[in-house]
Each structure stands twice: as C-alpha cells, then as structure tokens.
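S.K.: After the structure tokens below, expect a handful of questions from me.
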Amino acid sequence: MKQEKRKRLEAAGWRVGTVQEFLGLTDEEEAIIELKLDLAKAVKAERTRRKLTQDELGRMLGSSQSRVAKMEAGDPSVSIDLLIRALLRMGASRRDLARHLSVSARKRAA
C-alpha cells in the first residue's frame, strides 16, 4: 500500500496492518500459505507455457478440470503434494521446484 494512502486511512481512524496480523497467523502458517500460493502460480504458469488446458492437465493427474482450477486459485483444500505432483507431471525438474521454493523464501525474507 502506498504510504500516503496508509496515512489517509490512519488519519480517518482506520487501523492498517498485515494479513498475518489480521488473521493472527504464526510466521510458520504465513510461510506455508505463501508457499502454496507460489506453487499454485507456478502450476498455472507451467500449464500455460506448455499450452495445456486445465482439462488436459486434470487428465494427466487423474483428476478433473475443476480440481486444476482450484489448484491454480490457491484453494485451501489443495495439498502442497498435489501442487508439486502437478509440476513434476508436467516435466518440472527438482531444480525447477527448488527455484520456485527459493522465490517463496526470498519474498518472506524481504
């Protein structure tokens, strides 16, 4: 949020904070959520890069188009295992996975 907007909101009596503060998340809970969201973005990017439809990826995973849509949307019902399995099934290497995980870690450190 831009600093001037934050100041206007605070001057109007609003309390401005982070999602972590609002939801009362621990650092570990926030890290897991960020990791899942980063992996979800990676699944969508890889699927798009490979010119696959959600239905095609669903069939590759033995799942459905709607499940792939949930994966890409970061739905809480989707496991980290499924996100990683989708990336691997599309041909991502361990190095690719490590790159996605390191992006998530760098964002948390910033």
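The values are calculated or read from the model by the stated rules, or taken from the named source; none is laboratory data. Fair warning: this is a prediction, and the values are worked out from it, not measured in the lab. Ideal geometry is used to build each Cβ from the backbone, glycine not excepted, and the neighbour counts take in all protein chains shown. Accessible surface is based on the protein model in full, side chains and every heavy atom, while ligands, DNA and RNA are left aside. Shrake-Rupley method; radii C 1.70, N 1.55, O 1.52, S 1.80 Å.
S.K.: Taking the Cα centre of the chain as origin, work out the dipole magnitude from +1 charges on Lys and Arg Cβ and -1 charges on Asp and Glu Cβ, in debye rounded to 20. Before the final figure, lay out the partial values.
M.R.: Numbers: 24 positive and 16 negative charges, 117 e Å.
Dipole size: approximately 560 debye.
S.K.: Measuring with a 1.4 Å probe in the full set of protein chains, what accessible area per residue, in whole Å², belongs to the chain?
M.R.: Details: 7820 Å² over 110 residues.
Counting only protein heavy atoms, the per-residue value for the chain is 71 Å².
S.K.: Beyond 24 Å, how much of the Cα-Cα pair distribution for the chain remains, as a whole percent? Don't skip to the answer; put the middle values down first.
M.R.: On the way: 2266 of 5995 pairs.
For the chain, the fraction of Cα-Cα distances above 24 Å is 38 percent.
S.K.: Please report, as a whole percent, how much of the solvent-accessible surface of the chain comes from carbon and sulfur atoms (probe radius 1.4 Å).
M.R.: Values: 4200 of 7820 Å².
Carbon with sulfur: 54 percent of the solvent-accessible area.
S.K.: Follow-up. Sort the following peptides by mean Cβ neighbour count (other Cβ atoms within 10 Å, averaged over residues), highest first: 71-81, 8-18.
M.R.: Numbers: 71-81: 14.1, 8-18: 9.3.
Most protected by this proxy first, the peptides run 71-81, 8-18.
S.K.: Ranked highest first by the average count of other Cβ atoms within 10 Å around their residues, in what order do 32-38, 90-96 fall?
M.R.: On the way: 32-38: 16.9, 90-96: 12.0.
The densest-packed peptide leads the list: 32-38, 90-96.
S.K.: Counting helices only, and only those DSSP H runs with n ≥ 4, report the 222 nm mean residue ellipticity of the chain as the sum of -39,500 (n - 2.57) divided by its residues, in deg cm²/dmol to the nearest 500. Don't skip to the answer; put the middle values down first.
M.R.: Working: 7 runs with 80 residues, N = 110.
My calculation for the chain gives -22500 deg cm²/dmol from helical runs alone.
S.K.: OK, next. Quick one: which of 44/70; 2/36; 2/70 span more than 19 angstrom between C-alpha atoms? Let's see the in-between values first.
M.R.: Working: 44/70 11 Å; 2/36 26 Å; 2/70 31 Å.
From 44/70; 2/36; 2/70, over 19 Å: 2/36; 2/70.
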